[in-house]
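The values are calculated or read from the model by the stated rules, or taken from the named source; none is laboratory data. Note that the coordinates shown come from a computational prediction; the quantities given were computed from them, not determined experimentally. Backbone-built Cβ (ideal geometry, glycine too); neighbour counts: all protein chains shown.
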Ligand code: PHE
């Protein structure tokens, strides 16, 4: 049993007076407490009414208050507790009403902020369109690597080492291994597909290609091609012509005419370049077609028998045609983009003009 000495008694008495003084200060603090946020109401609760709050810890001190003073201290503390609780209820109410108030101030009928929608890159738009046109003719998508070995890019395409046609394409070689290069054309996908698949083959292969050219309005060190390959029995040059004619009409409209000029590619024989009638001047002559009325859009030809043999496809049984076109070129003609650099500069003033063009 605790025997209260005179010394202890005095200490408890002064502690009690201290508590009463503190209560008065806290009452003032509570009265002045203003808050309009949920957070502040909650921190008020924690400080005064929480498990480790001021009211609780004062309650614990009650046991030390001398008996004849207990009633006075108890009343005071109870009153303090009620004040704190009442204030807390008021704070809660204030925050919910102020939040409601804010919600009521919103005019839900006002138009919202416009969401800016990204646009497809013009080259993607044109590439997707080319793919979908050829899809309708039964060509399926095929893709190949951009870092390629010499064999797939050149040798298998009927361009053995020291073949002069290799010089037509200024090649980027990979330093560590002279057998590796950045593909100079998408014809490497022909090789990649024919080594795995046997006829009938009907593929369309879009992709990025690289050539060591000085960057200007008319040339770039990388650009994009779409390659087409069709190998089956009875594939003829007439099929090639009709396929490409269909493509051009779907891409540019029914009024466009085509013409073929004899050309040379090591992997096709015979080879031809295809021109379309100038879309700008309809053939009467302008600076886009250099006053010829025609613009070149692709290279093509019948797959060279050597290429077929390389992939164990018998050239006596099968024939095929192939073509390759530059996406930038098609895009230039379709959207009048006259500077190749625009495609890779990411200038939104350029890109935004293709907003809403869907494909
Ligand atoms: N690979 C050729 C080039 O890059 C294009 C082409 C492809 C020509 C297929 C004929 C057949 O110029």
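Values computed for the structure shown
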read-out: Helices (runs of 4 or more DSSP H) wholly inside the stretch 280-359 that include at least 2 residues being assigned by TED's automatic domain parsing to the domain that holds residue 265, crowded, with 17+ Cβ neighbours inside 10 Å and within 16 Å of the ligand (Cβ to nearest atom); value: 305-310, 327-335
read-out: Residue 131 vs. criteria surrounded by 10 or more Cβ atoms within 10 Å (Cβ to Cβ) and touching a helix residue (DSSP H, G or I) at 6+ places or on another chain (Cβ under 8 Å); value: no
read-out: Any hit, the stretch 98-113, residues being under 28 Å from the mean Cα position of the chain (by Cα) and within 16 Å of the ligand (Cβ to nearest atom); value: no
read-out: Some residue of the stretch 184-198 being without any contact (Cβ under 8 Å) to a residue 40 or more places away in the chain, under 37 Å from the mean Cα position of the chain (by Cα) and within 12 Å of the ligand (Cβ to nearest atom); value: yes
read-out: Scope the stretch 199-213; condition at pLDDT below 95 and under 23 Å from the mean Cα position of the chain (by Cα); matching residues; value: none
read-out: Residue, modelled with the lowest pLDDT, within the stretch 161-183, restricted to residues that are surrounded by 15 or more Cβ atoms within 10 Å (Cβ to Cβ) and more than 11 Å from the ligand (Cβ to nearest atom); value: 166
read-out: Condition check for residue 248: crowded, with 17+ Cβ neighbours inside 10 Å, in the same structural domain as residue 306 (by TED's automatic domain parsing) and not in a helix (DSSP H, G or I); value: no
read-out: In the stretch 199-212, the residues that are part of a loop (DSSP other than H, G, I, E, B) and within 12 Å of the ligand (Cβ to nearest atom); value: 211
read-out: Condition broken by residue 73, with the remaining ones in (1) over 30 Å from residue 41 (Cα atoms); (2) assigned to a helix (DSSP H, G or I); (3) in contact with a helix residue (DSSP H, G or I) (Cβ under 9 Å, 6 or more places away or on another chain) satisfied; value: (1)
read-out: Filter result for residue 18 (surrounded by 13 or more Cβ atoms within 10 Å (Cβ to Cβ) and either outside any helix (DSSP H, G or I) or free of Cβ contacts under 8 Å to residues at least 12 places away in the same chain (or both)); value: no
read-out: Flag for residue 224 being within 16 Å of the ligand (Cβ to nearest atom), under 18 Å from residue 325 (Cβ atoms) and assigned to a loop (DSSP other than H, G, I, E, B); value: no
